[in-house]
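J.: Below is one structure. I have some questions about it.
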């Protein structure tokens, strides 16, 4: 399952965009994850300072 952004927790800092090896994350006001590109590596989960990204099982 791809990573999921908690819209209430994301502050739009962009840290996840910088670490995504697949370039699967873009920013609007919050992070947007392209589920077709996400490989569930967890880099964004580890990098997010607010814990706004999780990988659903």
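Here, each number is a calculation from the coordinates, and none is a lab measurement. Fair warning: this is a prediction, and the values are worked out from it, not measured in the lab. Glycine also receives a Cβ, built like all others from the backbone with ideal geometry; neighbour counts cover every protein chain displayed.
J.: Name the strands (runs of 3 or more DSSP E) wholly inside the chain in which the number of residues that are surrounded by fewer than 17 Cβ atoms within 10 Å (Cβ to Cβ) is 2 or more.
T.: Hits in the chain: 25-27, 53-55.
J.: Filter segment 17-29 for residues that are farther than 20 Å from residue 57 by Cα and in contact with a strand residue (DSSP E or B) (Cβ under 6 Å, 6 or more places away or on another chain) and give the result.
T.: 17, 26
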